[in-house]
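Novice: If you scroll down you'll find the structure; I have some questions about it.
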Amino acid sequence: MKSNNTVLVALFAALIVVLSLMPPIPLPGIPVPITLQTLGAMLAGAMLGPLRGALACLLYLALAAVGLPVLPGGRGGLGAFFGPTGGFLVGMVAGAFVTGWLARQLAARATGAWMRWAGYVTACVIGGIAVVYAFGVPWLAAVTKMELSKAATAVAVFLPGDLIKAVVAAWVASRVERVWPLLGR
């Protein structure tokens, strides 16, 4: 990996850490709080592409695994991966990869600013929401011994906020791409 790629991966891992410093907002009835981590995963995938975006999320998770307090609420350590949010954490890596791959397929090939932005939004919604939920919901159901349908219904409260994150990530990625094209590299 070239040094500029290493720097970008580290920079976006740091961005995810900063977004994780926002205090988590607990919700009644579900052991998963509202955080800004997925916004970081969406940005990493959309702006760095599939491999570098996934590596940024993986580096963030490695920092958490070794015990650094980089997770929301100042948590860290392997225990976080075995709790109710563990599936969502692991899903961020796959979500960033899918977001980056779709961004390359949709946004990078789009003509016109609106179509490019729509490509980024689509990539962020599919990768940053659907893929992350595909990992997180079954894990949440297994850890809490909740039915899968009940776990899916419980996390539905996150959808409006996650859709806003997808729009914000798409807007940032499309604006940055105009002056600093990272996706094509």
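Novice: More than 14 angstrom separation, counting every C-alpha pair in the stretch 32-80; what % is that?
Specialist: Numbers: 619 of 1176 pairs.
Percentage above 14 Å: 53.
Novice: By the scheme Lys and Arg +1, Asp and Glu -1, what is the net charge of all other residues having a beta-carbon under 15 Å from that of Cys124? Show your work: numbers first, answer last.
Specialist: On the way: positive: Arg104, Arg116, Lys165, Arg175; negative: Asp162, Glu177.
So the environment of Cys124 carries a net charge of +2.
Novice: Considering only protein heavy atoms and a 1.4 Å probe, what is the carbon-and-sulfur percentage of the accessible area of the chain?
Specialist: On the way: 6680 of 8870 Å².
Whole-percent figure for carbon plus sulfur exposure: 75.
Novice: Mind giving me the nanometre distance, one decimal, between the label points for Arg175 and Val7, set 7 Å out from Cα along Cα→Cβ?
Specialist: Taking the two extended label points, one gets 2.3 nm.
Novice: Report the full-extension gain for the segment Phe81 to Ala118: residue separation times 0.36 nm, less the Cα-Cα distance, to one decimal in nm. Please report the intermediate quantities before stating the final value.
Specialist: Values: separation 37, 0.36 × 37 = 13.32 nm, distance 3.31 nm.
Once the chain is fully extended between Phe81 and Ala118, it gains 10.0 nm.
Novice: Further, regarding this structure: From largest to smallest, what semi-axes in whole angstrom does the chain give when each is the square root of 5 times an eigenvalue of its alpha carbon gyration tensor?
Specialist: Numbers: eigenvalues 143, 72, 33 Å².
For the chain, the semi-axes come out at 27, 19, 13 Å.
Novice: Between the stretch 127-185 and the stretch 46-86, how many Å separate their Cα centres?
Specialist: Cα centroid of the stretch 127-185 versus Cα centroid of the stretch 46-86: 15 Å apart.
The values are calculated or read from the model by the stated rules, or taken from the named source; none is laboratory data. No experiment lies behind these values; they were computed from the predicted model shown. Please note: Cβ atoms are built from the backbone with ideal geometry, for glycine as well, and neighbour counts cover all protein chains shown. What goes into the accessible areas is simple: the full protein's heavy atoms, side chains included, and nothing from ligands, DNA or RNA. Shrake-Rupley method; radii C 1.70, N 1.55, O 1.52, S 1.80 Å.
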